[in-house]
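Have a look at the structure below, then the notes.
The values are calculated or read from the model by the stated rules, or taken from the named source; none is laboratory data. In this text, all values refer to a predicted model and were calculated from it rather than measured experimentally. Every residue, glycine as well, gets a Cβ built from its backbone with ideal geometry; the counts of neighbours run over all protein chains shown.
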Amino acid sequence: MPIDSKPTIFINPAKCIGCRQCEIACAVEHSQSKDLFSAIFEDPLPLPRIHILPMGAYNVPMNCRHCDGAPCVEVCPTGALYHDEDGAVMITPEKCIGCKMCAIVCPFGIPEFEALNGVMFKCDLCPDRRAEGRPPACVEACKTGALQFGTMDEIVSNVRKETAEKIIKLKEGTYEEEYNGWDLFRSMYAEIIRINEGESK
């Protein structure tokens, strides 16, 4: 499937506030009950397929990029990894032997080992939700727009529209930069890092 027509999750770290709602939503979606209050009592506990990594003043959501020509698919000795009809990289647990080769070759370090069943797991773009025309659970849970789901054309179109709206507001003198408490903390933290790095040289 051409990359511009393949729906996937696009990440904007600048909008991520590190609330981890995406992690919770992902774990619940992959639980047996698909209910938050029931999921926390399940054994084993459901695991998220997305992780928020704090990187200095930013938080970076990390999940499978569902690459075209994915190294994990190419290296899997049993054919457990494959692309579905939407271009998402999927794992067939019954075929997985837990060799971890997919994790070794993944440039993003995404596939994880589930010790209980001895198989690998990762983001599957929530196939049940996709079949219903709904976005993945993490995207739906994200309230800041740090995670967006769609094709590259759709995402670029949205960015183009947002930028055009800002240009018009700037021309009219009505544009106000979005700013909140977290932005203030982030800018202060970034300045502290800059100062500390300067002192260490």
### Task
Could you tell me whether segment 140-148 includes any residue that is over 23 Å from Pro13 (Cα atoms) and surrounded by 15 or more Cβ atoms within 10 Å (Cβ to Cβ)?
no
### Message
Just checking, does segment 113-121 include any residue being part of a loop (DSSP other than H, G, I, E, B) and surrounded by 13 or more Cβ atoms within 10 Å (Cβ to Cβ)?
### Response
no
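Yes/no per residue for (1) more than 30 Å from Val105 (Cβ to Cβ); (2) of a type outside the set (Val, Ile, Thr):
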residue: Thr8; (1), (2): no, no
residue: Ile24; (1), (2): no, no
residue: Leu36; (1), (2): yes, yes
residue: Asp43; (1), (2): yes, yes
residue: Leu47; (1), (2): no, yes
residue: Gly56; (1), (2): no, yes
residue: His66; (1), (2): no, yes
### Query
Does Gly109 fit the bill of being touching a strand residue (DSSP E or B) at 6+ places or on another chain (Cβ under 6 Å) and of a type outside the set (A, V, I, L, M, F, W, C)?
no
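Every residue, every condition in (1) under 17 Å from the mean Cα position of the chain (by Cα); (2) in the same structural domain as Gly118 (by TED's automatic domain parsing); (3) polar (S, T, N, Q), yes or no:
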site: Ser38; (1), (2), (3): no, no, yes
site: Ile52; (1), (2), (3): yes, no, no
site: Gly56; (1), (2), (3): no, no, no
site: Gly79; (1), (2), (3): no, yes, no
site: Gly87; (1), (2), (3): yes, yes, no
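Per-residue answers, yes or no, for (1) outside any loop (DSSP other than H, G, I, E, B); (2) over 15 Å from Glu29 (Cβ atoms); (3) β-branched (Val, Ile, Thr):
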| position | (1), (2), (3) |
| --- | --- |
| Val60 | yes, yes, yes |
| Arg65 | no, yes, no |
| Gly69 | no, yes, no |
| Val73 | yes, yes, yes |
| Gly79 | no, yes, no |
| Glu85 | no, yes, no |
| Pro107 | no, yes, no |
| Ile110 | no, yes, yes |
| Asp124 | no, no, no |
#### Entry: Count - residues of segment 87-97 that are surrounded by 15 or more Cβ atoms within 10 Å (Cβ to Cβ) and either touching a Leu at 6+ places or on another chain (Cβ under 7 Å) or free of Cβ contacts under 8 Å to residues at least 60 places away in the same chain (or both)
5
### Query
In the list Arg65, Arg49, which residue meets the criterion of being of a type in the set (Lys, Arg) and either in contact with a helix residue (DSSP H, G or I) (Cβ under 8 Å, 6 or more places away or on another chain) or exposed (fewer than 14 other Cβ atoms within 10 Å of the Cβ) (or both)?
Arg49
### Task
Output the number of residues of segment 58-71 satisfying the condition of being under 11 Å from the mean Cα position of the chain (by Cα) and of a type outside the set (Lys, Arg).
6
#### Entry: Contacts under 6 angstrom Cβ, first residue in segment 115-130 being modelled with pLDDT of 95 or more, partner part of a strand (DSSP E or B) and charged (D, E, K, R), 6 or more apart
Phe121/Glu112; Phe121/Glu114
### Query
Just one of the numbered conditions (1) aliphatic (A, V, I, L, M); (2) modelled with pLDDT under 75; (3) farther than 22 Å from Tyr58 by Cα is not true of Ala190; which one?
(3)
### Query
For segment 1-48, which residues satisfy the criterion of being among the basic types (Lys, Arg) and touching a strand residue (DSSP E or B) at 6+ places or on another chain (Cβ under 7 Å)?
Arg20
## Note on the structure
Selection from segment 31-46 of residues surrounded by 13 or more Cβ atoms within 10 Å (Cβ to Cβ) and under 21 Å from Lys143 (Cβ atoms) yields Lys34, Ala39
